[in-house]
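Quick notes on the structure that follows.
Taken together, the values in this text are just the output of simple stated rules run on the coordinates, not laboratory data. Model, not experiment: these values are computed from the prediction. Cβ placement follows ideal geometry from the backbone for every residue including glycine, while neighbour counts extend to all protein chains displayed.
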Amino acid sequence: MFIKTLISKEHFMRGIFFTAALVSIFAVALICVFLFAQGIPAIGRIGIMDFLLGQRWAPTAAEPAFGILPMILGSLYVTAGAIILGVPIGIFTAVFMARMCPNRLYRLIKPAINLMAGIPSVIYGFFGMVVLVPVIFDVFGRRFGMMSGQTMLAASILLGIMILPTVISIAETNIRAVPQELYEGAVALGASHERAVFKVVLPAARSGVMAAVVLGVGRAIGETMAVRMVAGNQAVLRMPHEFFKGVRTLTTNIIMEMGYVEHGSIHFGALIATGVVLFVFILIINTLFSILNARGGIK
Amino acid sequence: MIVFIRRRKVADWLRFILVWGSAFITVALLLCLMGFILIRGIPHIKPSLFAFTYTVENQSLFPALVTTLIMVGLTLAIAVPFGIFTAIYLVEYARRGSRSVRVIRMTTETLAGIPSIVYGLFGYIFFATWLGWGKSLLAGCFTLAIMILPVIMRTTEESLKSIPDSYREGSFSLGAGKLRTVWRVTLPSAAPGIFAGIILAVGRIVGETAALMFTIGSVIQMPQNLFSQGRTLALHVYQLSTTGLYTEQAYATAVVLLIVVLGINYLSASVERRFLRRLG
Amino acid sequence: MKKMLVLISLPVILLLALAACGGGGSSDDGFDTGRVIAVFTREDGSGTRDAFVSITGVGDNMYAEAVVENSTAGIRTNVVNNPYAIGYVSVGSLNDTVKALSVNGVFPSDENIRNGTYGLRRPFTIVYNADTAGHELAQDFIAFMLSAEGQDVAATGWTRINVNAPAYTTRGLTGTLRVGGSTSVEPLMQRMKEAYEAHNPGVTIEISGGGSGTGINEATSGVIDIGMSSRALRDTEKAALTDLDIALDGVAVIVNPDNPLTDITLDQIKAIFTGDVTRWSGLN
């Protein structure tokens, strides 16, 4: 009798744990269903080609247009810029922390990086708007006939800073995971410390470092509040070399206009659909990340 | 031969500079950022910022602080049980590498990657509109709960995994059942690690804006009930800065927010250190 | 691959170091009229933008290169930081860090906005549905806003809609009201709420933002009791709602204090904001 209740209790709790585990699946399903249910009909009404490849975004004009190509490209540009600026510094800092940092310094820097990850994006945005934007305007404004410091460049630099903690901590974990024998072997063969780290350890951690970069991409493409304050937000189609001009990203497109739209209007649907496009981007990035992880990164 | 050696040295020097320089820049950037907020904000911190109500003459941050605390409490109350139970299932019950584990892990990673603005949209469509809760604390809490679920789940999973199997075997050999082992042995040993994860999640709640803008509203008052609108500190900083009338107060509020974040970070670091010492 | 990394990162590191801690030190050689006009505008759907483009005749032809900000502060911060900037904000949120221009020789003073000689003005409107029309507390609050006391509040930064308003007498009501909508009207409403609550201690008024569109939607559906709008109602919206103006607000055209300009014509504003004129020297 006693044993029987014990077993049923075991089973019961096992059931509870299992149900809890299903919640994340349920949440993802809900998010998909509700975003797609609101977004897809709007895309249908606008026309998928006009939506994804349309170059004009004029939601309140007499003849409204809902093309988000400028925003798709805008997101890609600032993300690429953030990667170019942030990833090298991030990876080298990770190398520093994993292999070159004196122990005492490490105890100071590690919390600093954690803090950097914890600072709210509003504060990054403030900093960008009041420090970064004027500096860029002062330095390049006259020479390039710039309108303002709110540019693709400003957004890229700010995002480059914001992805640093993500890139650093993942890259550091993966560089540390490289077996010590590899490093020692290289040094035994006569390589200097730096050479051993750069030629042996870093290549061995390659897929893990790539995973860090991919996660950085995810962070950059999804950032909203900070980008809104420094990017200029013009919904104009840009070329990659126009980094002294402003752009609007997918995320800022949503946050800028969400407060005004009439619920259920096509404008509302178009903003949700912008979120859907962003969501699909993130899904692609996540898939990439798990492939890289599976290829012998972390764990 | 000599040339070769010298070139190698130059290359090493370059690498050395590159690595130290990068680390220096990272730290310098953080210091610039914090220095900027502190210098701009500290002169405007006054006791009146902590008055009980917000008025036009006195932009008190106290209601926002209280709202933030309520949000943290409620969100954790929703997310922590689910996060911990999921981790227990994955580590203690499920067969490693089974299909269900793979699917759950994949969805958790998906959740972790979704940008907060998409959570905001979802929360607005689902909790605020479809369920009819309106923009409210409740809608905000549930939105954030989904958002922090992966954080709690992952850290719990890691801490449970780091508990040596000998603990469990010892418990089994003394005749304890699985549930009892989990409840009395594994979970308590992993508690500090789980706690560190929870603090990390608190940090995310405190710093969040994009997901809350459309789900919690912007009323700057002591919340009356769960269906009241409210403002967390981060949202308050944003709103203060956008009305354009209270930039100084926005900086001061940002300093308070920064201090809260610093405190959370310190707490999580010390908890984690203690956990590692205990295991090590 | 690695050499590339090194090559790319060196200049990047320099640039970042420069950007992070540089700043200041720009040479000050007066206002260069050859520079590009930095045009700042509000986002699509903003009540301020709505009023601005319809009065100036910019309409749907807003200069595509204009930097878009979704807040008054965003516009103002940029105009403070950028000597070549021009933007427009509610007169209620002007301060001495920026310079408001006269339009066609008329300064946006309280007097000029009220009598209409300053053309760039718009009403602050409240809207409510049939339920609120029969709601005693809501009607009392509305009566307060239109009373002499309420209009005194309006004059603390905005412009009275009625200089001969009747005095308000409290009826000692209690309860809670929900008000929401336009972020331009919000600062005024916050003051109205505080003044009203001082007269009626038993009343709590909750104010939420979200924008004019949100206010109109939520007032229609009854989520809030009173909606705030800084734009005129569309015909489709008028059917279910009553609208009332509670104050006037001027839209000020602002430039940096270093800009020698003090006066601008409506035609010049239109030329700048449609992108026909892109340099300050092109104005004359």
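Measuring nothing but how far apart in sequence close Cα pairs (under 8 Å, 6+ apart) lie, relative to its length, region C:47-185 scores a relative contact order of 21 percent. Stokes-Einstein diffusion for the protein assembly as shown at 37 °C, viscosity 0.692 mPa s, with a Kirkwood radius from C-alpha pairs, works out to 114 µm²/s.
Only helices enter the 222 nm calculation for chain C: every DSSP H run of n ≥ 4 contributes -39,500 (n - 2.57), and dividing by all residues gives -10500 deg cm²/dmol, rounded to 500. Neighbouring Cβ atoms from other chains, within 10 Å of the Cβ of residues in A:29-40, number 4 on average.
Placing unit charges on the Cβ atoms of the charged side chains and taking the dipole of chain B about its Cα centre, the candidate lying farthest along the positive direction among B:PHE142, B:CYS32, B:PHE62 is B:CYS32. Helical runs (DSSP H, four residues minimum) scored at -39500 (n - 2.57) apiece and divided by the length of chain B put the mean residue ellipticity at 222 nm at -24000 deg cm²/dmol.
In terms of its Cα atoms, region C:123-248 spans 36, 29, 22 Å along the principal axes, sorted from long to short.
Starting from the Cα gyration tensor of region B:1-156, take the square roots of the eigenvalues, sort them a ≥ b ≥ c, and report rounded, prolate or oblate (rounded when a/c is under 1.5, otherwise prolate if a/b is larger than b/c, else oblate). It is oblate, given that a/c is not under 1.5 and a/b is not larger than b/c. Spin-label model, C:ASN61/C:ASP258: points 7 Å from Cα along the beta carbon direction are separated by 3.2 nm.
Counting, for every residue in A:194-206, the Cβ atoms of other protein chains within 10 Å of its Cβ and taking the mean gives 3.
Each peptide in B:125-133, B:189-197, C:110-118, A:155-163 gets a packing score, the mean of other Cβ atoms within 10 Å over its residues, and the list from highest to lowest is A:155-163, B:189-197, B:125-133, C:110-118. Averaging Cα coordinates gives a centre for region C:227-284 and one for region C:116-136; these two points are 19 Å apart. As a proxy for reagent exposure, B:TRP13, A:TRP57 were ordered by neighbouring Cβ count within 10 angstrom, fewest first; the result is B:TRP13, A:TRP57. The charge dipole of region A:158-250, taken about the Cα centre with unit charges on the Cβ atoms of Lys, Arg (+1) and Asp, Glu (-1), comes to about 400 debye, rounded to the nearest 20.
Could you tell me which of A:VAL139, A:LEU164, A:ILE266 has its Cα farthest along the dipole of chain A towards the positive end, charges placed at Cβ (Lys, Arg +1; Asp, Glu -1), taken about the Cα centre? It is A:LEU164, whose Cα lies furthest towards the positive end.
A helix-only calculation puts chain A at -23000 deg cm²/dmol for mean residue ellipticity at 222 nm, using -39500 (n - 2.57) for each DSSP H run of at least four residues, averaged over all residues. The modelled label-to-label distance between C:THR204 and A:ARG142, using points 7 Å beyond Cα along the C-beta direction, is 5.8 nm.
Only Lys, Arg, Asp and Glu carry charge here, each on its Cβ (+1 for the first two, -1 for the last two); on that basis the protein assembly as shown has a dipole of about 4640 debye about its Cα centre. Listed peptides B:257-264, A:43-50 appear in the order B:257-264, A:43-50 once ranked by packing, highest mean of other Cβ atoms within 10 Å at the front. For chain C, what are the per-bin percents of Cα-Cα distances with bins 5 Å wide, up to the bin holding the maximum? Histogram of Cα-Cα distances, whole percents per bin: 1, 5, 11, 14, 15, 13, 10, 9, 7, 5, 4, 3, 1, 1, 0, 0.
Relative contact order of region B:77-152, taken over Cα pairs closer than 8 Å and 6 or more residues apart, is 44 percent.
I need the calculated FRET efficiency for the pair B:SER162 and B:LYS46, taking r as the beta carbon distance and R₀ as 41 Å, to the nearest 0.05.
E between B:SER162 and B:LYS46, to the nearest 0.05, is 0.35.
The order of B:LYS46, B:LYS135, going from fewest to most other C-beta atoms within 10 Å of their C-beta, is B:LYS46, B:LYS135. Across region B:48-279, counting alpha-carbon atoms alone, Rg and Dmax equal 20.1, 68 Å.
Taking 1 over the mean of 1/r across every pair of different Cα atoms in chain A, what Kirkwood radius in Å do you get? It works out to 21.9 Å. The value of relative contact order for chain C, using C-alpha pairs under 8 Å at least six residues apart, is 30 percent. About the centre of its Cα atoms, chain B shows a dipole size close to 1160 debye [charges on the beta carbon of Lys, Arg (+1) and Asp, Glu (-1) only; nearest 20 debye].
For the Cα atoms of chain C, what angle does the longest principal axis make with the long axis of helix C:47-56, in degrees from 0 to 90, nearest 10? That helix lies at roughly 70 degrees to the long axis. Annotation: peptides B:102-112, A:85-95, A:201-211, ranked by per-residue average of other Cβ atoms within 10 Å with the highest first, follow the order A:85-95, A:201-211, B:102-112.
Dimensions of region A:185-299 along the principal axes, based on C-alpha atoms and rounded to the nearest Å, stand at 69, 33, 22, largest first. Farthest towards the positive end of the charge dipole of region C:100-192, among the residues C:ILE142, C:VAL163, C:THR183, is the Cα of C:THR183, using unit charges on the Cβ of Lys, Arg, Asp and Glu.
Over the whole of B:72-82, what's the average partner chain Cβ count within 10 Å per residue? Rounded to a whole number, please.
Partner Cβ neighbours, averaged per residue: 1.
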